[in-house]
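Below is one structure, written out as structure tokens; the observations come after it.
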Amino acid sequence: MMLWACLLLPSLALDVYARALPPADAAKPFAIATGGRAPRVVGANASAQAVGIRPGLLVSASLALAPDLVLRSRNPDAEAAALAAVATWATQFTPAVALAPPDAVLVEIRGSLRLFGGLPKLAAKLSAGARDLGYEVRLTLAPTPIAALLFARAGQTTARLEFSLRAPSNKGATGRLEANRDFLDALAPLPLALTDADPDAIAALAAAGIATIGQACALPRASLARRVGADFLLLLDRVCGRAADPRPPFLPPPRYTGKIELPAPVENIEVLAFAVNRLVHELSGWLTGRGLGAIELELALAHERHVREKTGMPATNVRFALAAPTREHAHLIAVLRERLARVALPAPVESIVLATLTTAPLAGRNLGLLPGDEVVAAVPLVDRLRARLGEDAVRLVAPHAEYRPERAWRESGDFRARPAGKSGLDSSNPVPPRPVWLLSAPEPLGHLLEAQPWVLRDGPERIESGWWDGADVRRDYFIAENPRGETVWIYRDHRYGIDDGEWFLHGVFA
């Protein structure tokens, strides 16, 4: 038994642009128009509809109603790419995803119900997630993919859970699959015009007074096949669940590249961040569906054409790396916002492209046994600092196999998480405690020790090394407490073989 959800995007032509607008800018009238000598409106937002702009209205008449109307030409390629992006995002819920062009995505969710807490919760996640991507969505459920699509086209957004949760069909006396009665009753009033059947067949049936699926199913099958063909009969059987309806599976791309066109050129970073947030939702879904985490990303901010031609700079590219693989939306958008805040735009931006450069496998998070056990991890501090200050301003310190403390570390550009390993020293001798903060150069303590005594808490630890490279040391280290109550790391220098060598401060414990 299958359960199909249809995500219909009724205003896709408009949303491919309008989804980039934050709420403040969405209040401005905006519309999509056809091309040609007499362009007409294809879709309009709520602000444009409020002044009387409707699909089919001439652009000239629309501008008379709203002189400040922002217009963009319809872009079928962008609509197809957006539909594929929604399908890619949906793979985080189920691998059984199929496209239903020009404006719908079908997902089989029966096997995912338990994982996502049941049908109501999963349906809510699908609806809310599509809206987070910036699309108006109409979600419907049915035991067959075509039926789910027809319910969505008919505007029946109320999910019919009573038949969706039961087996849609069983073997009848003839050996043919028979759909359950509740399901057929729900299909019966749907117009045949909503199907993708041959228009000539629909017209021929309409001429005979047959306009709905229920009326067509009530006709004798043999005579119906003679009148409109076997293909139409097969379509009805697939709608009702009497025949299999194999769908070509949608295969997500091996590398994520998401693009969003802006309704008008933008130079405000906050507006750009809102649009980038839409792409991050797509990216998070792609990563989850493939079991990956992002390590390195690139954001390309394309400028206006005349700027590209004048300066030869097609886009401002923002590349950044993460400390560890992640696919959490909150983590990714927080880092991107910090990084965008440092970008100086040479010109307004027309479009945004977000792409993955490096990814790595990332295991899923274990689910909690009790409600509320899910914990959202905080954004690592290192990612925030690198995004805000620049990647070169934050360096990773890695252990190095060396006894001399000032040489026992190395800078590393690899911020990816790594398993704890051996330091390279003799593992049979555990290393005593080391301070969190090591001074760049040891500070003499002679004058401080003369003023007030320091208390030695642990030690000595003899470190004697480096005779082979001319930077030899011979020190006795102690953990001490200074007069302010701080725990520090001090040593007595014995390089010259003097028992009462000078004291130095070398580190401070947390």
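The values are calculated or read from the model by the stated rules, or taken from the named source; none is laboratory data. As the structure is a prediction and not an experimental result, all values here were calculated from the model. We place every Cβ from the backbone using ideal geometry, glycine too, and count neighbours over all the protein chains shown. For accessibility, only protein heavy atoms count, side chains too; no ligands or nucleic acids. Shrake-Rupley method; radii C 1.70, N 1.55, O 1.52, S 1.80 Å.
Could you please find all residues in segment 43-67 being open to solvent by 40 Å² or more (accessible area, probe 1.4 Å) and under 36 Å from the mean Cα position of the chain (by Cα)? Across segment 43-67, the qualifying residues are Ala46, Gln49, Ala50, Val51, Arg54, Pro55.
Kindly check whether there is at least one residue in segment 48-71 that is closer than 30 Å to Met2 by Cα and out of contact with any Lys or Arg (no Cβ under 7 Å at 6 or more places or on another chain). Within segment 48-71 (the criterion being closer than 30 Å to Met2 by Cα and out of contact with any Lys or Arg (no Cβ under 7 Å at 6 or more places or on another chain)), the answer is no, since none of the residues qualifies. When Glu79 is tested against (1) part of a loop (DSSP other than H, G, I, E, B); (2) farther than 19 Å from Arg290 by Cβ; (3) open to solvent by less than 60 Å² (accessible area, probe 1.4 Å), just one condition goes unmet, and that condition is (1). Among the candidates Arg278, Arg319, the residue that is open to solvent by 20 Å² or more (accessible area, probe 1.4 Å) and either polar (S, T, N, Q) or within 21 Å of Ala130 (Cα to Cα) (or both) is uniquely Arg278.
Would you mind stating whether Glu450 is at pLDDT below 80, of a type in the set (Asp, Glu), assigned to a helix (DSSP H, G or I) and surrounded by fewer than 16 Cβ atoms within 10 Å (Cβ to Cβ)?
In short, yes.
Restricting the first member to segment 295-322 and to residues that are in a strand (DSSP E or B), and the second to residues that are modelled with pLDDT under 80 and β-branched (Val, Ile, Thr), the beta-carbon pairs closer than 9 Å and six or more apart or on different chains are His303/Thr311; Leu322/Val382.
The single condition among (1) part of a strand (DSSP E or B); (2) open to solvent by less than 20 Å² (accessible area, probe 1.4 Å); (3) more than 21 Å from Arg153 (Cα to Cα) that Arg72 does not meet is (2).
Does Val488 satisfy the criteria of being surrounded by fewer than 17 Cβ atoms within 10 Å (Cβ to Cβ), among the aliphatic types (A, V, I, L, M) and at pLDDT 90 or above? First the steps, then the outcome.
Numbers: surrounded by fewer than 17 Cβ atoms within 10 Å (Cβ to Cβ): no; among the aliphatic types (A, V, I, L, M): yes; at pLDDT 90 or above: yes.
No.
Cβ-Cβ distances below 6 Å connect the following pairs, each with a first residue in segment 225-242 that is under 13 Å from Leu150 (Cβ atoms), a second residue that is among the acidic types (Asp, Glu), and a separation of six or more residues or different chains: Arg238/Asp245.
Kindly list, by first and then second residue, each pair from a residue in segment 336-361 that is without any contact (Cβ under 8 Å) to a residue 24 or more places away in the chain to a residue that is open to solvent by 10 Å² or more (accessible area, probe 1.4 Å) and part of a helix (DSSP H, G or I), limited to pairs with Cβ atoms under 9 Å and residues at least 6 apart or on different chains. If the second residue must be open to solvent by 10 Å² or more (accessible area, probe 1.4 Å) and part of a helix (DSSP H, G or I), no pairs are left.
If I ask for residues that are without any contact (Cβ under 8 Å) to a residue 40 or more places away in the chain and in contact with a Phe, Trp or Tyr (Cβ under 9 Å, 6 or more places away or on another chain), which ones from segment 24-35 would you list? Spell out the reasoning first.
Taking segment 24-35 first, the residues without any contact (Cβ under 8 Å) to a residue 40 or more places away in the chain are 24, 26-27, 35.
Across segment 24-35, there are no qualifying residues.
Given (1) touching a helix residue (DSSP H, G or I) at 6+ places or on another chain (Cβ under 9 Å); (2) part of a strand (DSSP E or B), where does His331 come up short, assuming only one miss? Going through (1) touching a helix residue (DSSP H, G or I) at 6+ places or on another chain (Cβ under 9 Å); (2) part of a strand (DSSP E or B) one by one, His331 breaks only (2). Kindly indicate the residue of segment 197-216 that is assigned to a helix (DSSP H, G or I) and open to solvent by less than 30 Å² (accessible area, probe 1.4 Å) and also nearest to Gly229 (Cα to Cα) among those meeting that condition. Filtering first and then ranking leaves Ala201. If you go through segment 387-418 and keep only what is modelled with pLDDT of 65 or more, part of a loop (DSSP other than H, G, I, E, B) and at negative phi, you end up with Val394, Arg395, His400, Ala401, Glu402, Tyr403, Arg404, Ala408.
Tell me, please, whether a residue that is within 42 Å of the chain's Cα centre (by Cα) and not hydrophobic (A, V, I, L, M, F, W, C) can be found in segment 217-230. First the steps, then the outcome.
We begin by selecting, within segment 217-230, every residue within 42 Å of the chain's Cα centre (by Cα); these are none.
No - not one qualifying residue is present in segment 217-230.
Against the definition (over 30 Å from Arg255 (Cα atoms) and either loosely packed, with under 14 Cβ neighbours inside 10 Å or in contact (Cβ under 8 Å) with a residue 40 or more places away in the chain (or both)), how does Ala38 come out, yes or no?
Numbers: over 30 Å from Arg255 (Cα atoms): yes; either loosely packed, with under 14 Cβ neighbours inside 10 Å or in contact (Cβ under 8 Å) with a residue 40 or more places away in the chain (or both): yes.
Considered against the rule, which asks whether it is over 30 Å from Arg255 (Cα atoms) and either loosely packed, with under 14 Cβ neighbours inside 10 Å or in contact (Cβ under 8 Å) with a residue 40 or more places away in the chain (or both), Ala38 comes out as yes.
Of the residues making up segment 253-266, those that are closer than 13 Å to Ala20 by Cα and either more than 14 Å from the chain's Cα centre (by Cα) or of a type in the set (Lys, Arg) (or both) are Lys259, Glu261, Leu262, Pro263, Ala264, Pro265, Val266.
Inside segment 241-266, can you point out the residues that are open to solvent by less than 30 Å² (accessible area, probe 1.4 Å), of a type outside the set (A, V, I, L, M, F, W, C), out of contact with any Asp or Glu (no Cβ under 6 Å at 6 or more places or on another chain) and outside any loop (DSSP other than H, G, I, E, B)? Passing the criteria: only Pro263. Of the residues examined, Phe274 is not one that is in contact (Cβ under 8 Å) with a residue 40 or more places away in the chain, closer than 23 Å to Ala104 by Cβ and of a type outside the set (Val, Ile, Thr).
Applying the criterion of being in a loop (DSSP other than H, G, I, E, B), in contact with a strand residue (DSSP E or B) (Cβ under 6 Å, 6 or more places away or on another chain) and of a type in the set (A, V, I, L, M, F, W, C) to the residues of segment 82-125, the residue that is most open to solvent (accessible area, probe 1.4 Å) is Ala96.
Does Ile269 satisfy being farther than 17 Å from Leu357 by Cα, buried (at least 20 other Cβ atoms within 10 Å of the Cβ), touching a helix residue (DSSP H, G or I) at 6+ places or on another chain (Cβ under 6 Å) and touching a residue at least 40 places away in the same chain (Cβ under 8 Å)? Spell out the reasoning first.
On the way: farther than 17 Å from Leu357 by Cα: yes; buried (at least 20 other Cβ atoms within 10 Å of the Cβ): no; touching a helix residue (DSSP H, G or I) at 6+ places or on another chain (Cβ under 6 Å): yes; touching a residue at least 40 places away in the same chain (Cβ under 8 Å): yes.
No.
Checking Gly291, Gly241 one by one, the residue that is out of contact with any helix residue (DSSP H, G or I) (no Cβ under 6 Å at 6 or more places or on another chain) and under 30 Å from Leu187 (Cα atoms) is Gly241 and no other.
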